[in-house]
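K.L.:
Below you will find the structure I want to go over with you.
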Amino acid sequence: MSVVDQAQNAVAFMEDKTHEQHLDQLLWMMRTRRDEAASRVPEWEQLRDLASQIKEHTLSNLGHYLEMFESRAEANGVTVHWAQDAHEHNQIVYHILSDRKADSLIKSKSMLTEECDTRQFLENRGIRVTETDLGERIQQLDDQPPSHIVGPSWHKTTQDVAHLFARAYGSDKDKADPVYLGHVMRENTRVLIEEGKAGMTGANFAVAETGAIVTVTNEGNADLSGNVPELRICSVGLEKVIPRNEDLAVFIRLLTRSATGNAITQYTSHFLAPRQNGEMHIILVDNGRSSRLGMEKFWPSLKCIRCAACMNTCPVYRRSGGLSYGSTYMGPIGIIMMPTFDVRRYSELPFSSTLNGSCTNVCPVKINVHEQIYAWREVMEQNGQIQLVKKEAMRAAGEVLSHPRLYRIAASSAEPDMKLLPHFVLYNHFNAWGRHRDVPQPGKETFHDWYKKNRISTAGQEIT
Amino acid sequence: MQVALMIPCYIDLFYPQVGVATLELLEKLNVDVVYPFDQTCCGQPMANSGCFEEGRATEELFIKNFAGFDHIVTPSGSCTHHIRNKFTAAAGSPERRKVSASVYDLVEFLHDVLQVREFPWAKFQHKVALHNSCSAIRGLGLASMSERVHDRKFSKPKSLLEHVPGIQFTNFERVDECCGFGGTFSVTEEAVAAKMGYDKIGFMSESGAEYIVSSDMSCLMHLQGCANRLGKNLKVFHIAEILNGVAL
């Protein structure tokens, strides 16, 4: 697959000012609410430290806790599967369904199933899949992936949704009223939920000591997906395991406050065992996680609890929209995760950042996000993934800037025609600077020349 | 006290007056300023683009020029951050450790080392939007960060500027959101960079500011370009110019 050009995709998103402004304001509101929520918890920073330590401890003993989880879950009557990659995961899901002649699946939002492209896999094999999360269902109807890991359709305005529902359900396209639209969705999706032969959820946490899957939702859709059908499947990334229920308390306090500024969601559900006469399957999925755990610099992204605070605070994400990243995970956390899936396809993502560091500061599990973005840039260089034109410009700049005499020649040719300078100071091949901003003009003389004229008598140094 | 003055490449070329103001200010404070003549750049433009290899010789040149000094001062938070925290050349060598430990952004040098609290020669009777760069805030810790809601609130640039008679600070929204410069980001992702700059200019303009003051000229280069394009009458000054005294 070709390299994702996030910058170009962002231009397309920003062409329509309404959406850019809508997303920026909505997500900045989330960031503000996060700040307010954090300020009401005096021990906020200690919680972050603790959460980070629990995750690091668990990841350092991952095999131990996964096996503990497996044995406790099996003792609860759950069937536990292990999947090495996306394909194996999808095969397992498909066989669970097809062996039981289940031709319809209702599922709640799960980024892992996005990662595995599970919906498409099952639909290609004749299984009807219905997303039950409102935002995810909107994206399904629009045939788009989620643009945000907490609010999959947050880039859409209510008008967009009204138009979409009018197409999909014949509702009133001019009635951009959230309550009305909520009812339209409910009427059209409830029946599918009731008919569903099987239900599927992801997991926010998998508690090793109890064998429980924990989901954190507002709409209760994970509960419907998990509890209405007799057959229940939970897909869980290996890194979602935590040791104890006690640890869960730390994460629950951080997760929703970081995500939306709410103290807690409407539903924090523990799925422990199959319902009476039912079946429950848990699939523990690796899909690149264990190899990421072995990456000296890049394992910390496995601590992520998917709160999306880094996206909400990211000034680049807010202007570009999540779809511009062309990836399952987007924004700052996406930039550091996606190259572990495909280093070539996502080779440009580490450059879609100003390295401002706000992401690192809001991360509830203290992932050093912006430092990893910077470190990925080096990897892209070492792997030869940096565009030749950029590499050449930087090679030329490095040549000039490491030789004082060349630099002085270049600097003096700034007057009158600026031929050399923009190339290495602004990397201005395509006049990219000047498209939306006035170009700075060089000074009448450089500081260097001014100094020679005005201070050289006291400096007493050799003139280059 | 002897200090080696490091003038970042873009200040040398585009904003020599900022270099002059830095030099004059240090001289007024009785600092013995040496300007190493063979200096060019800290290597950040290359490293920032992922081209660590291409930047290494420039970093080595920097180390060669500056390793002999106990204090290196530069009017740039981002260069300081690069030299202190991000150099990859000569890793582990005593010279490399020396320059990384000796480099100071002008603000922290004035605030923490010289502990200057008076600028009797300066006055600035205007409304100012103070912009701190992300390198200065989150890289060097020159001001408290909005995300760290429980930290003590402080701003070293502001506590210096507060001693300039007449200066008034405006309050604007999203005070420490990135302005969109971001080094080579400003050209590789120019559309987003410019939008961030436009938004920043919008907030500052709404606050009634007449001038934008910062300790990072690179942010100001970007913001001035945005303000001019938007037709906003906002002018920029480096903090060194204000502290040294500007005649308007």
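K.L.:
Suppose the filter is of a type in the set (Asp, Glu) and under 22 Å from A:Arg455 (Cα atoms); does B:Asp105 pass it?
P.N.:
So B:Asp105 does not fit the description; no.
K.L.:
All but one of (1) without any contact (Cβ under 8 Å) to a residue 40 or more places away in the chain; (2) surrounded by 17 or more Cβ atoms within 10 Å (Cβ to Cβ); (3) within 13 Å of chain A (Cβ to nearest Cβ) hold for B:Asp151; which doesn't?
P.N.:
(2)
K.L.:
In this structure, is B:Ala47 at pLDDT below 95 and more than 10 Å from every other protein chain (Cβ to nearest Cβ)?
P.N.:
no
K.L.:
If you don't mind, there's one more thing I want to ask. Can you tell me which residue in the range B:21-31 is surrounded by the fewest Cβ atoms within 10 Å (Cβ to Cβ), limited to those that are touching a residue at least 12 places away in the same chain (Cβ under 8 Å) and within 18 Å of A:His448 (Cα to Cα)?
P.N.:
B:Glu24
K.L.:
Also: Working carefully through the options A:Leu47, A:Leu62, find the one that is within 14 Å of chain B (Cβ to nearest Cβ), within 30 Å of A:Val365 (Cα to Cα), among the aliphatic types (A, V, I, L, M) and in contact (Cβ under 8 Å) with a residue 40 or more places away in the chain.
P.N.:
A:Leu47
K.L.:
For the subset of the range A:1-34 comprising residues that are under 18 Å from A:Arg257 (Cα atoms) and in contact (Cβ under 8 Å) with a residue 60 or more places away in the chain, which member is nearest to the chain's Cα centre (by Cα)?
P.N.:
Top of the filtered list is A:Leu27.
K.L.:
Let me ask something else about it. Does A:Thr79 satisfy the condition of being assigned by TED's automatic domain parsing to the domain that holds A:Val362, surrounded by fewer than 16 Cβ atoms within 10 Å (Cβ to Cβ), at negative phi and touching a residue at least 40 places away in the same chain (Cβ under 8 Å)?
P.N.:
No; evaluated as a whole, the condition is false for this residue.
K.L.:
Looking at the range A:185-269, what strands (runs of 3 or more DSSP E) fall wholly within it and have at least 1 residues that are in contact (Cβ under 8 Å) with a residue 60 or more places away in the chain, touching a Lys or Arg at 6+ places or on another chain (Cβ under 7 Å) and buried (at least 18 other Cβ atoms within 10 Å of the Cβ)?
P.N.:
Where strands (runs of 3 or more DSSP E) fall fully within the range A:185-269 and carry at least 1 residues being in contact (Cβ under 8 Å) with a residue 60 or more places away in the chain, touching a Lys or Arg at 6+ places or on another chain (Cβ under 7 Å) and buried (at least 18 other Cβ atoms within 10 Å of the Cβ), they are A:198-201, A:205-207, A:231-237.
K.L.:
Which one of these does A:Ser2 not meet: (1) in contact with a Phe, Trp or Tyr (Cβ under 6 Å, 6 or more places away or on another chain); (2) loosely packed, with under 14 Cβ neighbours inside 10 Å?
P.N.:
(1)
K.L.:
Separate question: Give B:Ala129, B:Ala136 a once-over and let me know the one that is assigned to a helix (DSSP H, G or I) and in contact with a strand residue (DSSP E or B) (Cβ under 8 Å, 6 or more places away or on another chain).
P.N.:
Going through B:Ala129, B:Ala136 in turn, the sole match is B:Ala136.
K.L.:
Right, another one. Just name the residue that is farthest from the other protein chains (Cβ to nearest Cβ) out of those in the range A:50-59 that are touching a Lys or Arg at 6+ places or on another chain (Cβ under 8 Å) and of a type in the set (A, V, I, L, M, F, W, C).
P.N.:
Only one residue fits best here, namely A:Leu59.
K.L.:
Need at least 1 residues that are within 14 Å of the chain's Cα centre (by Cα) and among the charged types (D, E, K, R) per element, so show me which helices (runs of 4 or more DSSP H) inside the range A:283-363 make the cut, counting only ones lying wholly within it.
P.N.:
In the range A:283-363, A:315-320 are the helices (runs of 4 or more DSSP H) which contain 1 or more residues that are within 14 Å of the chain's Cα centre (by Cα) and among the charged types (D, E, K, R).
K.L.:
Still on this structure: Out of A:Thr58, A:Thr113, report the one residue that is in contact with a Ser or Thr (Cβ under 7 Å, 6 or more places away or on another chain) and either part of a strand (DSSP E or B) or modelled with pLDDT of 95 or more (or both).
P.N.:
A:Thr113
K.L.:
Select from the range A:1-44 the residues that are more than 8 Å from chain B (Cβ to nearest Cβ) and either among the aromatic types (Phe, Trp, Tyr) or in contact with a Cys (Cβ under 8 Å, 6 or more places away or on another chain) (or both) and list them in ascending order.
P.N.:
A:Phe13
K.L.:
Which one is farthest from the other protein chains (Cβ to nearest Cβ), of the residues in the range B:174-210 that are closer than 22 Å to B:Asp12 by Cα and not in a loop (DSSP other than H, G, I, E, B)?
P.N.:
The selected residue is B:Ser186.
K.L.:
With the structure loaded, tell me whether A:Ala38 is surrounded by 15 or more Cβ atoms within 10 Å (Cβ to Cβ), part of a helix (DSSP H, G or I) and touching a Phe, Trp or Tyr at 6+ places or on another chain (Cβ under 6 Å) or whether it fails that test.
P.N.:
Yes: the conditions hold for A:Ala38.
K.L.:
Only one residue in B:Arg56, B:Arg97 is surrounded by fewer than 20 Cβ atoms within 10 Å (Cβ to Cβ), more than 13 Å from chain A (Cβ to nearest Cβ) and of a type in the set (Lys, Arg). Which one?
P.N.:
Among B:Arg56, B:Arg97, only B:Arg97 is surrounded by fewer than 20 Cβ atoms within 10 Å (Cβ to Cβ), more than 13 Å from chain A (Cβ to nearest Cβ) and of a type in the set (Lys, Arg).
K.L.:
Follow-up. Scanning the range B:7-33 for residues that are among the β-branched types (Val, Ile, Thr) and more than 7 Å from chain A (Cβ to nearest Cβ), which turns out farthest from B:Val187 (Cα to Cα)?
P.N.:
Of everything passing the filter in the range B:7-33, B:Val31 is farthest from B:Val187 (Cα to Cα).
K.L.:
Related question: Being at negative phi and at the interface with another protein chain (Cβ under 8 Å from one of its Cβ atoms) is the filter here; which residues of the range A:328-369 pass it?
P.N.:
A:Pro350, A:Phe351, A:Ser352, A:Ser353, A:Thr354, A:Asn356, A:Ser358, A:Thr360, A:Asn361, A:Val362
K.L.:
Follow-up question, since we're still on this one. Of all residues in the range A:144-167, which are crowded, with 17+ Cβ neighbours inside 10 Å and in a helix (DSSP H, G or I)?
P.N.:
Once the filter is applied, which keeps residues that are crowded, with 17+ Cβ neighbours inside 10 Å and in a helix (DSSP H, G or I), the range A:144-167 yields A:Asp160, A:Val161, A:Ala162, A:His163, A:Leu164, A:Phe165.
K.L.:
Related question: Residues of the range A:362-386 being surrounded by fewer than 21 Cβ atoms within 10 Å (Cβ to Cβ) and either among the hydroxyl-bearing types (Ser, Thr, Tyr) or modelled with pLDDT of 95 or more (or both), which ones?
P.N.:
The answer is A:Lys366, A:Asn368, A:Glu371, A:Tyr374, A:Ala375.
K.L.:
Further question: Residue by residue through the range B:120-146, note down the ones that are farther than 12 Å from A:Asn356 by Cα and facing chain A (nearest Cβ under 9 Å).
P.N.:
Of everything in the range B:120-146, just one residue is farther than 12 Å from A:Asn356 by Cα and facing chain A (nearest Cβ under 9 Å), namely B:Ser146.
K.L.:
Give the residue, chosen from A:Ser171, A:Ser225, that is modelled with pLDDT under 95, in the same structural domain as A:Thr113 (by TED's automatic domain parsing) and either of a type in the set (D, E, K, R) or over 30 Å from A:Trp299 (Cα atoms) (or both).
P.N.:
Step by step, each of A:Ser171, A:Ser225 is checked, and only A:Ser225 is modelled with pLDDT under 95, in the same structural domain as A:Thr113 (by TED's automatic domain parsing) and either of a type in the set (D, E, K, R) or over 30 Å from A:Trp299 (Cα atoms) (or both).
K.L.:
Out of the range A:19-53, which residues are among the small types (Gly, Ala, Ser) and within 19 Å of A:Ile264 (Cβ to Cβ)?
P.N.:
Residues satisfying the conditions are A:Ala37, A:Ala38, A:Ser39, A:Ala51.
The values are calculated or read from the model by the stated rules, or taken from the named source; none is laboratory data. Everything numeric here is computed off the predicted structure, so don't read it as measured data. Cβ atoms come from the backbone with ideal geometry, glycine included; neighbour counts cover every protein chain shown.
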